[in-house]
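Read through the structure below, which is laid out as structure tokens, and then see the notes.
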Amino acid sequence: MPPTADKAQQAQALASAIQGIHTLHSQEFPPVQKAAPPYPSRPDHAAILSRRMNDALARVSIFRRSTRKAAKAAAVLATRMECTELEAASQAQYMAVQQEIDTLWQRLITNDSDVVLAVLSHEFQYSSAHAAPLGLWGAEAQMALLAPDLAALPERHPTTTAAGNLSLKKFTKGEMANLYKQLLAGLVLATAKEAFAVAPGVADIRIVALRSTPADAYGKIRPEPILAARIARAALDGVQWTKADALTILNGISSELVMRVAGPSKAFAPLDLKMEPEIARVVHVVTSGS
């Protein structure tokens, strides 16, 4: 908000931001559809005939009627042949494109690793969720999600005093921790829904949420996992997205859910990688790039 914003404007902006966090998980992603190339249009017969007529008659005197008549006939025949050739070339190109689409679609729905990972990478390159695919094993995709910093949360929320006056009350540490849980759960659910939408053959998704640590003595920033979930596509059926909060839904639909909280505020704490070797492998892939 600009420094000149009054309290009412600040309250409206804060309420909108908080509402956005609480509804993040309810957004929908249309399922990918098999592409259909446009059917080639027919050649412009009239334009081609006009061009060929002009070319043919330009070289024949207007007084040589029989020659002009033959030239016109030749132009009509040449136009028919040109149109036939153009139609054949357009049809061949259309069939080649359609065959390529069919091949790629078949590879996508049957979980060809190269195609699925390419589609997921492209999708999340332009997504609001900072996520990236790490691998595909059978019908299960593994993804890493960069958890936002606590600074992404608003520090205050609008409320009213006992006298009915507008107030911008500061969140307690516990309230901030709970709001952050909703934010991260919402991002995990939205990431799963978006991935399922563009990868129709994927049946399960494992998502590991990582947050950046402060720079160490060598200036290196390392990712630390704070949540990991495995979600099946079938588990999304029938979910009341607008009637339950993100954390409740994530707890309810995850076949595996690993997270740890600590401290009086019950905030997210780093997972113990010694107890979670699979998550440790994911972190290794992220940090090593292989």
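Checking the conditions here, which among Ala190, Ala195, Ala199 is over 16 Å from Val258 (Cα atoms) and in contact with a His (Cβ under 8 Å, 6 or more places away or on another chain)? Walk me through how you get there before you give the answer.
Details: Ala195 fails: in contact with a His (Cβ under 8 Å, 6 or more places away or on another chain); Ala199 fails: in contact with a His (Cβ under 8 Å, 6 or more places away or on another chain).
One residue alone meets the criteria, Ala190.
How many residues are open to solvent by less than 50 Å² (accessible area, probe 1.4 Å) and closer than 22 Å to Ser16 by Cβ when one looks only at segment 160-179?
First, the residues of segment 160-179 that are open to solvent by less than 50 Å² (accessible area, probe 1.4 Å): 167-168, 171, 174, 176-177, 179.
In the following step, the residues that additionally are closer than 22 Å to Ser16 by Cβ were identified as 167-168, 171, 176-177, 179.
Here the count works out to 6.
If a residue must be open to solvent by less than 10 Å² (accessible area, probe 1.4 Å) and not hydroxyl-bearing (Ser, Thr, Tyr), how many such residues does segment 180-193 contain? Break it down into steps so the answer makes sense when it comes.
Here is the first cut: in segment 180-193, the residues open to solvent by less than 10 Å² (accessible area, probe 1.4 Å) are 184-186, 188-192.
Next, from what is left, pick out any that are not hydroxyl-bearing (Ser, Thr, Tyr): 184-186, 188-190, 192.
So the answer is 7.
For segment 108-127, which residues satisfy the criterion of being free of Cβ contacts under 8 Å to residues at least 40 places away in the same chain and surrounded by fewer than 16 Cβ atoms within 10 Å (Cβ to Cβ)? Spell out the reasoning first.
Initially, segment 108-127 is screened for residues free of Cβ contacts under 8 Å to residues at least 40 places away in the same chain, giving 112-115, 117-118, 121-122, 125-126.
Hits for segment 108-127 are Ser113, Asp114, Ala118, Ser121, His122, Gln125, Tyr126.
Only one of (1) open to solvent by less than 80 Å² (accessible area, probe 1.4 Å); (2) part of a loop (DSSP other than H, G, I, E, B) fails for Thr67. Which number is that?
(2)
If you check Tyr180, Tyr218, which single one turns out to be over 30 Å from Lys34 (Cα atoms), without any contact (Cβ under 8 Å) to a residue 24 or more places away in the chain and not aliphatic (A, V, I, L, M)?
Values: Tyr180 fails: without any contact (Cβ under 8 Å) to a residue 24 or more places away in the chain.
Being over 30 Å from Lys34 (Cα atoms), without any contact (Cβ under 8 Å) to a residue 24 or more places away in the chain and not aliphatic (A, V, I, L, M) holds for just one of Tyr180, Tyr218, which is Tyr218.
Taking segment 8-38, which residues are surrounded by fewer than 13 Cβ atoms within 10 Å (Cβ to Cβ), assigned to a loop (DSSP other than H, G, I, E, B) and either touching a residue at least 60 places away in the same chain (Cβ under 8 Å) or within 23 Å of the chain's Cα centre (by Cα) (or both)?
Result: Glu28, Pro30, Pro31, Gln33, Lys34, Ala35, Ala36.
Is there any pair with a first residue in segment 142-169 that is over 15 Å from Gly186 (Cα atoms) and of a type in the set (Gly, Ala, Ser) and a second that is assigned to a loop (DSSP other than H, G, I, E, B) and open to solvent by 40 Å² or more (accessible area, probe 1.4 Å) whose Cβ atoms are under 6 Å apart and which are 6 or more apart or on different chains, and what are they?
Taking only residues 6 or more apart or on different chains, the pairs are Ser167/Thr161.
Matching residues to (1) hydroxyl-bearing (Ser, Thr, Tyr); (2) over 30 Å from Ala185 (Cβ atoms):
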{"site": "Thr79", "(1), (2)": "yes, yes"}
{"site": "Ala92", "(1), (2)": "no, yes"}
{"site": "Ala96", "(1), (2)": "no, yes"}
{"site": "Gln99", "(1), (2)": "no, yes"}
{"site": "Asp102", "(1), (2)": "no, yes"}
{"site": "Ile109", "(1), (2)": "no, no"}
{"site": "Leu134", "(1), (2)": "no, no"}
{"site": "Glu140", "(1), (2)": "no, no"}
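Considering only residues that are hydroxyl-bearing (Ser, Thr, Tyr) and touching a Phe, Trp or Tyr at 6+ places or on another chain (Cβ under 9 Å), which ones fall in segment 27-58?
Result: Tyr39, single match.
For Ala262, state whether it is over 30 Å from Trp105 (Cβ atoms) and either at pLDDT 95 or above or out of contact with any strand residue (DSSP E or B) (no Cβ under 6 Å at 6 or more places or on another chain) (or both). Lay out the reasoning, then the answer.
Values: over 30 Å from Trp105 (Cβ atoms): yes; either at pLDDT 95 or above or out of contact with any strand residue (DSSP E or B) (no Cβ under 6 Å at 6 or more places or on another chain) (or both): no.
Here the answer is no, as Ala262 does not meet what is asked.
The values are calculated or read from the model by the stated rules, or taken from the named source; none is laboratory data. This one's a predicted model, so the numbers in the text were calculated from it and none came from an experiment. FYI the Cβ positions are ideal-geometry reconstructions off the backbone, even for glycines, and counts take in every protein chain you see. Note: areas computed on protein heavy atoms with side chains; ligands, DNA, RNA excluded. Shrake-Rupley method; radii C 1.70, N 1.55, O 1.52, S 1.80 Å.
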